[in-house]
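The values are calculated or read from the model by the stated rules, or taken from the named source; none is laboratory data. Just so you know, these numbers come straight off a predicted model, no measurement behind them. Here Cβ is always computed from backbone atoms with ideal geometry, including for glycine, and neighbour counts include all displayed protein chains. The protein model used for the area step is the full one, side chains on, heavy atoms only, and it has no ligands, DNA or RNA in it. Shrake-Rupley method; radii C 1.70, N 1.55, O 1.52, S 1.80 Å.
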Amino acid sequence: MSLTTVLSNGKQKYILALKYRRYSTAKLFGNSGAAQFIAAAGSVASIPKLHGLPEVIVTGRANSGKSTLFNAVLGRKNLLYTSKKAGRTRELNFYRVGSEPGKLILVDAPGYGARGRPEWGNMFDTYLETRKALRRVYILFNAKHPLNESDTQMLAHISSKLISDRGTQPFTLQAVITKADCIPSDKVSETITKLRKDIWEAAPLCLPPIITSATMNPPFGIEKVQANIAEACGLLAQ
């Protein structure tokens, strides 16, 4: 089964919703020049105090394609730093989306796994535990690789923070599968099914993964991610 067939089956379910959402996401993401880097935090003490805009944070194992995907989401080629060498993000990088004063904040976190560092994990955890403006965590998985122990541990770790001691849910968790175009055509259905299953088993509260490719022509799944961010931040038109 081809990638186009598998992805189109899911896409058809969203087409009416995307028609409804397009106006909202166009207002949010249509002016790519309005997206701007505003701050970086290399330690817990340097995490900035902003102005209460809703925030989403992006994490993933090194080489999961975070920067490439979210440059596409923001309509830019190089706002988020990209590199062929994995693990170049070493701080929490804060980006304002929308013309000043902005509509939301996107936070790019350092990757986890073999190239991760304990201090990055501590900073990420502190952000999750204290950031009242946080609405959703996006965790990315490279479609070329099955989940490994670092992935399942991170899914379980974030899931442990989804429900507060008071029984409320301060933020949600959304999986995103990147680089879907790199799956061999005869392995697409099997690979996507296995990734979905493994994500759910590690984190039952995680929202079903969005399948993407930022390098397909045209890119696939970008509008879904944009609409998902808008929904998480309460910015979809009603």
Determine which single condition Thr215 fails, assuming it passes every other condition in (1) under 15 Å from Ser64 (Cβ atoms); (2) open to solvent by less than 60 Å² (accessible area, probe 1.4 Å). (2)
Leu205 fails exactly one of (1) open to solvent by 80 Å² or more (accessible area, probe 1.4 Å); (2) closer than 23 Å to Asn71 by Cβ; (3) of a type in the set (A, V, I, L, M, F, W, C), namely (2)
Would you pick out the residues in the range 58-72 that are part of a helix (DSSP H, G or I) and within 8 Å of the chain's Cα centre (by Cα)? Lys66, Phe70
With the checklist (1) surrounded by fewer than 22 Cβ atoms within 10 Å (Cβ to Cβ); (2) out of contact with any Ser or Thr (no Cβ under 6 Å at 6 or more places or on another chain); (3) modelled with pLDDT of 95 or more in hand, flag the one item Ile177 doesn't pass. (1)
Just wondering, is there one or more residues in the range 203-222 that are in a helix (DSSP H, G or I), out of contact with any strand residue (DSSP E or B) (no Cβ under 6 Å at 6 or more places or on another chain), of a type in the set (Gly, Ala, Ser) and at pLDDT 95 or above? no
Of (1) exposed (fewer than 15 other Cβ atoms within 10 Å of the Cβ); (2) under 17 Å from Glu55 (Cβ atoms); (3) among the aliphatic types (A, V, I, L, M), Ala156 satisfies every one except (2)
Scan the range 183-202 and give yes if some residue there is surrounded by 17 or more Cβ atoms within 10 Å (Cβ to Cβ) and closer than 28 Å to Val97 by Cα, otherwise no. no
Let me confirm something: among Ile177, Ile163, Ile192, which residue is assigned to a helix (DSSP H, G or I) and not hydroxyl-bearing (Ser, Thr, Tyr)? Ile192
Pull up the range 73-123, narrow it to residues that are surrounded by 21 or more Cβ atoms within 10 Å (Cβ to Cβ) and among the small types (Gly, Ala, Ser), then point me to the one that is modelled with the highest pLDDT. Ala109
State all residues of the range 218-230 that are over 11 Å from Val73 (Cα atoms) and surrounded by fewer than 18 Cβ atoms within 10 Å (Cβ to Cβ); if no residue qualifies, say none. Pro218
